[in-house]
Amino acid sequence: MIHLNNITRQHGAQILFRDASFQILPNARIGLVGPNGAGKTTIFRLITGEERPDKGEVSRSSQIVIGYFSQEIGEMRGRSALAEVMAASARTVELGEQMRSMEAAMGEPLAPEELDALLARYGTVVEEFEHRGGYDLESRAQAVLTGLGIGPEDYHRPVESFSGGWKMRIGLARILTINPDVLLLDEPTNHLDLESIVWLENWLANDFKGALMMTCHDRDFMNRLVDRIVEVANQSITTYNGNYEFYLREREIRREQLLASHRRQQEMLAKEEEFIARFAARASHAAQVQSRVKKIEKIERIELPPEQRVVRFEFSEPPRSGNDVIRLENLGKVWPLPTGGEKSLFGGVTGMIRRQEKVAVVGVNGAGKSSFLKVLAGQIEPSSGAASLGANVFPGYFSQHSMELLDPKLTVFDTVQGVLPEANIGVIRNLLAAFLFRGDEVDKRVANLSGGEKSRLVLATILARPLNLLILDEPTNHLDIQSRETLLDALQKFAGTVVLVSHDRHFLRALVNRVFEIDHGEMRIYEGNYQYYLEKTAKA
């Protein structure tokens with residue numbers, strides 16, 4: 001279907017890859033991985049034709065339909081959500097109009113040769129219309145929107161009335177609905193809740209019949225969907241036949257083999273060079289010396305790729321709290337509705353969160369998870385009951401809205417230094433590196449940071465403080481897999497208490513030992529880990 005043959009691409013002075021090749025075959029399921037800036041987005045743009053290689057070629061059939069979802073969805077306005085999704089299938093709509101026009105023409109008297117030509121054109125149009133899924137376009141658009149959390153009551157809402165995160169879902173629905181032969185997804189789970197991620201995972205696994213290539217920071221999502229990994233790193237492209245877990249193991253095996261080969265080659269070269277140095281001045285050994293000089297000149301040297309930096313961040317020992325960290329007594333929260341009346345998010349919640357517990361709060365989008373965390377953190381008042389902190393409890397709260405509290409005039413480094421005034425430069429830089437701020441990036445001003453960068457900076461400032469209760473609302477958003485693993489490792493070792501909302505199932509499975517589920521205004525508490533919760537609720 002699509003072949004990238006000996007491609008070389010350079011951005012400025014940076015060579016992304018040289019003489020690299022791989023192919024996307026029908027029904028392929030490919031995970032595209034590599035460090036930030038290695039060239040993953042460039043691969044997508046080469047495939048779509050938005051960029052051209054400096055050398056080599058990208059070959060693809062002119063008939064195949066490519067759908068590309070990126071984090072830049074462009075301007076949306078002037079249509080309803082459903083109309084916006086269907087507008088991406090403009091070619092399919094045009095084909096339908098051509099079919100209706102031709103069908104009308106067939107009802108008119110035509111010369112035999114004219115009818116034959118019309119029937120031939122009609123057959124070609126019908127074939128393409130069917131290939132693009134034209135007969136069920138609207139029902140498909142509705143199903144995809146619903147799966148991504150935008151139900152029938154919102155199909156006809158103006159698209160400009162949706163927030164940025166919901167517009168991303170509409171943008172994703174646009175691409176899924178066109179029924180492409182090749183689907184390119186750049187971080188499709190970034191703005192989805194857990195329910196929508198599970199729906200998308202099942203849709204891609206069971207309903208989508210084309211080829212798929214994606215980048216994704218959700219480890220479980222990658223493992224369940226891909227059977228091949230294409231790694232872009234160290235100016236090359238390497239293919240691994242397996243899912244993400246297989247890739248991690250195989251990459252380590254290949255690296256060990258490369259290190260062993262490099263070590264053997266270096267030992268051999270050292271012996272040859274020692275012989276040359278020892279006998280270079282002796283006429284009796286001149287032929288042997290020349291032979292060995294020519295031998296080592298012809299040897300292709302094994303080059304080791306640079307070590308990928310793995311930053312390990314560890315919390316300082318938090319002050320010890322009492323055993324009872326948060327006492328919940330008949331806790332409830334209701335929100336007034338714009339149309340009048342009230343909506344109960346949760347009510348009658350009674351229980352205890354104890355020291356060193358790691359608690360996940362789960363539920364469908366809009367169930368009240370974030371509101372529950374805000375009540376625990378003292379950000380908003382409960383409508384009934386109380387959530388009281390125990391003795392010597394020092395809480396820290398993180399949400400995606402915390403970034404509004406940052407001082408735009410400060411640099412990244414200054415922001416963290418303000419939280420850790422006694423820490424040395426190395427400690428601060430190490431902390432910032434764990435959250436993807438490296439080198440000169442620590443000197444960027446907050447005002448110039450993207451939303452994702454601000455989010456990571458807030459998380460770093462919270463985790464740097466001596467707290468013993470962490471209340472975290474989607475802490476893994478905007479973090480790549482390596483940074484998520486760093487955060488997970490730190491939270492696993494954290495001696496305090498954690499209450500969090502996250503849509504990363506691998507993160508939840510590896511961390512939490514209790515689950516609070518909010519469902520239709522009720523809170524159910526599961527005394528077990530996340531896997532136990534899945535099994536109990538038959539959601540595995």
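Remarks
- Overall form of region 283-408 per C-alpha gyration tensor (a/c, 1.5; a/b vs b/c): prolate
- For region 332-433, trypsin sites (Lys or Arg not before Pro) meeting the loop criterion (DSSP other than H, G, I, E, B) and having at most 14 other Cβ atoms within 10 Å: 409.
- Region 209-322: C-alpha gyration tensor shape, a/c 1.5 cut-off, then a/b vs b/c: oblate
- For residue 271, the aspartates and glutamates whose Cα falls under 15 Å of its own Cα, not counting residues fewer than eight places away in the same chain, are 297.
- DSSP bridge pairs, the chain: antiparallel proportion in percent, nearest 5: 55
- Pairs exceeding a 25 Å alpha-carbon distance, out of 369/454; 493/536; 409/493; 167/454: 493/536; 409/493.
- Oblate is the label for the chain, because the ratio a/c of its alpha-carbon gyration tensor axes (a ≥ b ≥ c) is 1.5 or higher and a/b is not greater than b/c.
- Beta bridges by DSSP in region 324-537, antiparallel share as percent, to the nearest 5: 55
- By the count of other C-beta atoms within 10 Å, a proxy for reagent exposure, 279, 372 are ordered fewest to most as 279, 372.
- In Hz, Karplus ³J(HN,Hα) per residue of region 204-218 (6.51, -1.76, 1.60; θ = phi - 60°; x = Gly, Pro): 5, 6, 10, 9, 7, 9, x, 8, 10, 9, 8, 9, 6, 8, 8
- For region 1-75, the Kirkwood hydrodynamic radius from C-alpha pairs, put into Stokes-Einstein at 20 °C and a viscosity of 1.002 mPa s, yields a diffusion coefficient of 160 µm² per second.
- For the chain, adding -39500 (n - 2.57) for each run of n ≥ 4 DSSP H residues and dividing by the number of residues yields -12000 deg cm²/dmol at 222 nm.
- Separation of the residue 50 and residue 273 label points, Cα + 7 Å toward Cβ, nm: 4.6
- Under 5 Å, built H, 5+ apart or other chain: amide partners of residue 497: 356, 469, 470
- Taking every Cα-Cα distance in region 246-298 and sorting them into 5 Å bins starting at zero, the pair-distance distribution P(r) comes out as 4, 19, 19, 15, 11, 9, 8, 7, 5, 3, 1, 0 percent.
- In Hz, Karplus ³J(HN,Hα) per residue of region 227-232 (6.51, -1.76, 1.60; θ = phi - 60°; x = Gly, Pro): 10, 8, 10, 10, 9, 9
- Amide hydrogen neighbours beyond the local backbone of residue 325, cut-off 5 Å, H modeled: 353, 354, 355
- Neighbour net charge for residue 182 - beta-carbon separation under 15 angstrom, K R +1, D E -1: +3
- Diffusion coefficient, µm² s⁻¹, Stokes-Einstein with Kirkwood Rh over alpha-carbon pairs of region 324-537 at 20 °C and 1.002 mPa s: 118
- Around the amide H of residue 54, modelled in the peptide plane, lie the amide H atoms of 8, 9, 10, all under 5 Å away and 5 or more residues distant in sequence or on another chain.
Bear in mind that the values in this text are calculations on the coordinates, not laboratory data. Predicted model only: the values in this text are computed from it and were never measured. Methodologically, a virtual Cβ is constructed for each residue, glycine included, from the backbone with ideal geometry; neighbour enumeration extends over all protein chains shown.
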